[in-house]
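*Asks:* Shown below is the structure under consideration.
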Amino acid sequence: MASLHPNTLTAHELLEKLKNKEISALDIVNFVFEKIKKTDPNLRAYARLDAGLKDGQIMGKEGILKGLPISIKDNICTEGYNTECCSRILDGFKPPYDATVIRKLKEAGATILNIKTNMDEFAFGSSTENSCFGPTRNPWNLDCVPGGSSGGSAAAVAADEAIFALGSDTGGSIRQPASYCGVVGFKPTYGRVSRYGLIAFASSLDQIGPITKDVLDSAVLMNVICGYDPLDSTSVNIKVPDYTKSLVKDIKGLRIGIPKEYFIEGMDPEIKKITDEAVNQLKDLGAVCKPISLAHTEYAVPVYYVLATAEASSNLARFDGVQYGLRAENSAVMIDKRKSETDNKLIRMYKATRGKGFGEEAKRRIILGTFGLSHGYYDAYYLRALKVRTLIKQDFDQIFKEFDCIAAPTTPTPAFKIGERSQDPLSMYLSDIYTISANLAGLPAISIPCGLTKDGLPAGLQILAKPFSEEIIFRAAYTYEQNTPWHLQKPKI
Amino acid sequence: MEYEPVIGLEVHIQLKTRTKAFCACLTDFGNQPNSQVCPVCLGFPGTLPVLNIIALEYSVKVGLALNCLVQEYTKFDRKHYYYPDLPKNYQISQYELPISKDGFLDINIDGLIKRINIRRAHLEEDAGKLIHKDDLSLVDYNRAGIPLLEIVSDPDMNSPQEAYEYLTKLKSIIEYLDVSDCDMEKGSLRCDANISLRERGSKGLGVKTELKNMNSFKAVKDALSFEIKRQSDLLDDGEKIIQDTRLWNTKELKTLPMRTKEGAKDYRYFPEPDLPPFIISPTKITEIKKDIPELPEVKALRFQKEYGILEYDSRIMVLNKKNSLFAEKCLTVYPDKDKKPVANWLIGPMLSEANSRNCDLPGLDISPKDLIELIGFTQRQEISNLTAKSVLTDMLNSKKTAAEVIKEKNLVQISDASGLENYISDAIKENCAVANDFKNGKENALMFLVGEVMKKSKGKANPKVVQDLLKRRLV
Amino acid sequence: MAINRETVEYVAHLSRIDLEDNELDKFSRQIQDIVNYIDKLKALDTDLVSPTSHILPINNVLREDIPVSSLPIEKTLRNAPMKNANFFSVPKVIE
């Protein structure tokens, strides 16, 4: 059965079959394409289906991923192929260069799919509803969101429309959708993976990471994408271990902290129960789990929304219709207004282009971020947020003196209904409440499936460790995964 | 009322690195539009900056040479404004912690030293260039990303001349460091000025205007002079100065307000998240210090001490680094202890030849040895100074030695009486009246006769000998 | 901190975005909510805390001054909404 549908297999299973010549690279791609054609019109995990699937474009390079197709989030630059951050303002943008992770994947022999995965515009969101191509749906329940912003990548992997995928995580954008879609999402330590070619949302928080069907695939992909890049000043020149070697089924004596602030009021009782059970399972497997306190947790979301929107407002300033993407010369809005009289033609072009090109959430965040940096507010908002970021980081530093890692729920609730939070930005922002801290502190963190709710929606267990301790996370996650059935559950789509 | 101008200058110099500040594109001038660009300097989405080590070292070097405190910890910030020559609509610059601050530069005004404080010198990236054509503006990003050092003075200058001296001195130092071409025409040195007026003697500050678009040091001086006149006329009429940015119009020779009003500036600076901070260790500073050559001020003092050159002469000799090197060679080659004739020749005929040929002294392509040989002829009174100047011109044009020119043109000065007798007799014969005047005690008349002899000898007669011979004949 | 329509209008101008009237109203309201929420940061005493703008303790990341070939002009201009010869082109900027 499985061999009939290679798209349902993991990367490491396929690599084994390729090695044994039980299957060809072309088969794999074709099965993936067949599946996309069949289910994606409903799921919308990919941004532009109309870009056309190019059958049989297998990379020729020898490498450990030779023969495997990989799906890429629409904010990671692929030379010559549309990379639009699911935003109208980047309409038709084909980068003249490859992101470093794409170069590494190509060198490892992977086939880069020419269609990109759907996302919230510029990664602004937690539901993949803010895409100019329309929302992605959750493969477990098409009325629910897949999470976001890497909802397309997570849904594609969960629905077997992809073997594995890359996402990006600024405040939980890999882990939260992985949790909602029942797959494995890994956010590496800040600086572990080059950001060169990742269209920046918040430069001090962004990291690219894998979304996979199991922990071993995550390690395989991490082995390829990690490492120092002279093109990224924030990438760190530390040797990258072979992560597959840390996949040992043993966590005896591992000291795991369980942060009490992550089990808050308003948390879904089922999620709480599922997480408690997961923690008990970790204990049963020999880990030493103890409650801990991360005192500044409640400030993570406000700090995040000050810093991330400020950096975003700056990073998105370049989208102005001069060099690439959409250009609108005039807009109906400003023409009639008194204010536009002082604007010259160029300023009108900027305003029309950006007014038309950005979606609502992007505009909201740019406005909020610009406000936080503007004259007179910098100290009260931006600078203060940077200071509280220090406090959040110090909380973790303290904990990691005594603990090897931290385990917590990935999200406070399972996937919510499409449209449920889109009119209330703040409630949407709060769905990242457990994931944001890892970005603020630069920590590596994984989300792995840890159960299903009564309604059949997945829940995720998050494991965090100190910077550059991805190996500990892999060890704990692998041990848990191999002793539980959750990663084998698949949505019926 | 009598006003005192208060002037501060912002100077941008392009650092002479091979590649841009944050990417590996070349920095050459004058290439095809948009041919020296890459995704990074175009600000394409997803690209990231990585600082050029030489840009950092050059900046430190300038900071040290300008007596600044070089910051041990420095970082970059983003400065935001929308303009099509700015690819990212923010400029990577330094706001909070510039590479260096609190320096100074001493200028010489009428023989007195005046200290101009330097507030800061920070590194940033240059913008592209706009060319206006019909109803379009065309953008060339070749220049975008070239490292710029912005050097900001305190408002310590009180006249256009002081501003001119400051710029001249600054340029001289930077050329010594060999970190910038400092060519205003090519835009590798740019200067904006802030100027306000106050009642002479008062300590307050008036409303200032910002002047841009000056393309030479002289233009800076002219624009400031114009602005002093304009502002004082307004103040005398009881009007108020409006704080604005004005452009120097080289055709009309006046400053005119910029047509586009930017409104209040709100640059929304924040630390550049893509660039971790930089730590410039004391060891590194020592290392860079060692690499700083002898600067003009010190060199001038040494010239005075070692070669007995006058203060004024020494300052002119060292202003341009290449000139100073040439000068020093000449001074050492010259055999006599008294080096004054060499100094006179260098800052006199040699510099004026260089100026008229629009080059520096080495650019005249005359070897120190050949120049000294020429000076030797005048010292031995074999040719007059006047003749020697034309010999120099001939030498420069023909690449011949002084001896060759003098011989070919038969220019050797006639100093023996026998060779001059005929000229003298003729001169007296033809100018009896003048000769009589002299005999009757009119001293001036002698010089006229000397001139006549010089004419007759085609300038070759030794005027001193002629004078003696004439006196002897007429007394 | 009170956010009114004028604040949003000013910031929208700074960030060069046209907003429709209804967007102005909606954003003023929503951003007010968010700012109220963010204002909880003011409860913390941060006077003695140093800011963290870079989470990693790395510094002095530099490159050698060695050129790499630039983009070919076709690639540079391929995405341009408007070009003129080898230039990008925009509505005239007047000075």
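*Asks:* Inside the stretch A:354-389, can you point out the residues that are more than 7 Å from every other protein chain (Cβ to nearest Cβ) and among the basic types (Lys, Arg)?
*Replies:* A:Lys356, A:Arg365
*Asks:* If a residue must be within 14 Å of chain B (Cβ to nearest Cβ), assigned to a loop (DSSP other than H, G, I, E, B) and not β-branched (Val, Ile, Thr), how many such residues does the stretch A:167-199 contain?
*Replies:* Of the residues in the stretch A:167-199, 6 are within 14 Å of chain B (Cβ to nearest Cβ), assigned to a loop (DSSP other than H, G, I, E, B) and not β-branched (Val, Ile, Thr).
*Asks:* Further question on the same structure: Tell me which of these C:Leu24 doesn't satisfy, since it passes every other one: (1) open to solvent by 20 Å² or more (accessible area, probe 1.4 Å); (2) in contact with a Lys or Arg (Cβ under 8 Å, 6 or more places away or on another chain); (3) more than 7 Å from every other protein chain (Cβ to nearest Cβ); (4) not hydroxyl-bearing (Ser, Thr, Tyr).
*Replies:* Only one criterion is unmet by C:Leu24, namely (1).
*Asks:* Quick check on the stretch A:200-231: of everything there that is within 14 Å of another protein chain (Cβ to nearest Cβ) and open to solvent by 10 Å² or more (accessible area, probe 1.4 Å), which residue is farthest from the chain's Cα centre (by Cα)?
*Replies:* A:Pro230
*Asks:* Only one of these is within 8 Å of chain A (Cβ to nearest Cβ) and more than 30 Å from B:Met258 (Cα to Cα): C:Ile17, C:Ile66, C:Ile55, C:Ile73. Name it.
*Replies:* Sole residue among the options that is within 8 Å of chain A (Cβ to nearest Cβ) and more than 30 Å from B:Met258 (Cα to Cα): C:Ile55.
*Asks:* Quick test for you: out of B:Asn89, B:Asn108, pick the one residue that is in the same structural domain as B:Ala144 (by TED's automatic domain parsing) and at pLDDT below 95.
*Replies:* On the way: B:Asn89 fails: at pLDDT below 95.
Just one listed residue meets the conditions, B:Asn108.
*Asks:* Can you tell me which of (1) open to solvent by 50 Å² or more (accessible area, probe 1.4 Å); (2) more than 9 Å from chain A (Cβ to nearest Cβ); (3) more than 26 Å from the chain's Cα centre (by Cα) is the one C:Ala43 doesn't meet?
*Replies:* In the conditions (1) open to solvent by 50 Å² or more (accessible area, probe 1.4 Å); (2) more than 9 Å from chain A (Cβ to nearest Cβ); (3) more than 26 Å from the chain's Cα centre (by Cα), C:Ala43 misses (2) alone.
*Asks:* Now for a separate question. Could you check A:Ser447 against (1) outside any loop (DSSP other than H, G, I, E, B); (2) open to solvent by 10 Å² or more (accessible area, probe 1.4 Å) and say which number it fails?
*Replies:* Unmet for A:Ser447, out of (1) outside any loop (DSSP other than H, G, I, E, B); (2) open to solvent by 10 Å² or more (accessible area, probe 1.4 Å): (2).
*Asks:* All but one of (1) part of a loop (DSSP other than H, G, I, E, B); (2) in contact (Cβ under 8 Å) with a residue 60 or more places away in the chain; (3) within 11 Å of another protein chain (Cβ to nearest Cβ) hold for B:Pro155; state the number of the condition that does not hold.
*Replies:* (3)
*Asks:* So, one more: Just one of the numbered conditions (1) under 19 Å from A:Ile258 (Cβ atoms); (2) within 13 Å of chain C (Cβ to nearest Cβ) is not true of A:Leu464; which one?
*Replies:* Of everything listed in (1) under 19 Å from A:Ile258 (Cβ atoms); (2) within 13 Å of chain C (Cβ to nearest Cβ), A:Leu464 misses just condition (2).
*Asks:* Here's something else I'd like to know. Take B:Phe76 and decide whether it is closer than 16 Å to B:Pro277 by Cα and within 11 Å of another protein chain (Cβ to nearest Cβ).
*Replies:* When the stated conditions are applied, B:Phe76 passes them.
*Asks:* Pairs only if they're at least six apart or on different chains, beta carbon under 8 angstrom, first in the stretch A:294-308 and assigned to a helix (DSSP H, G or I), second among the basic types (Lys, Arg); list them, first residue then second.
*Replies:* Between residues of the stretch A:294-308 that are assigned to a helix (DSSP H, G or I) and residues that are among the basic types (Lys, Arg), the close pairs are A:Glu298/C:Lys40; A:Tyr299/C:Lys40; A:Pro302/C:Lys40; A:Val303/A:Arg389; A:Val306/A:Arg384; A:Leu307/A:Arg389; A:Ala308/A:Arg365.
*Asks:* When you check A:Lys239 against the structure, is it open to solvent by 10 Å² or more (accessible area, probe 1.4 Å) and assigned to a helix (DSSP H, G or I), yes or no?
*Replies:* Criteria not met by A:Lys239.
*Asks:* Continuing with this model, one more query. Please state which one of C:Glu95, C:Glu6 is open to solvent by 20 Å² or more (accessible area, probe 1.4 Å), at pLDDT below 95 and facing another protein chain (nearest Cβ under 7 Å). So that I can check it myself, show each step before the final result.
*Replies:* Details: C:Glu6 fails: facing another protein chain (nearest Cβ under 7 Å).
Unique residue meeting the criteria: C:Glu95.
*Asks:* Of (1) within 14 Å of chain C (Cβ to nearest Cβ); (2) in contact (Cβ under 8 Å) with a residue 24 or more places away in the chain, A:Lys73 satisfies all except one. Which?
*Replies:* (1)
Table: residues versus (1) out of contact with any Phe, Trp or Tyr (no Cβ under 9 Å at 6 or more places or on another chain); (2) open to solvent by less than 30 Å² (accessible area, probe 1.4 Å); (3) at the interface with chain C (Cβ under 10 Å from one of its Cβ atoms).
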site: B:Pro33; (1), (2), (3): no, yes, yes
site: B:Pro39; (1), (2), (3): no, yes, yes
site: B:Pro45; (1), (2), (3): no, yes, no
site: B:Val50; (1), (2), (3): no, yes, yes
site: B:Val60; (1), (2), (3): yes, yes, no
site: B:Ala65; (1), (2), (3): no, yes, no
site: B:Val70; (1), (2), (3): yes, yes, no
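*Asks:* Across the stretch B:288-305, which residue is most open to solvent (accessible area, probe 1.4 Å) among those that are over 15 Å from B:Leu177 (Cβ atoms) and without any contact (Cβ under 8 Å) to a residue 24 or more places away in the chain?
*Replies:* So the residue we want is B:Lys305.
The values are calculated or read from the model by the stated rules, or taken from the named source; none is laboratory data. Everything numeric here is computed off the predicted structure, so don't read it as measured data. Here Cβ is always computed from backbone atoms with ideal geometry, including for glycine, and neighbour counts include all displayed protein chains. Only protein heavy atoms, including side chains, enter the accessible area calculation; ligands, DNA and RNA are left aside. Shrake-Rupley method; radii C 1.70, N 1.55, O 1.52, S 1.80 Å.
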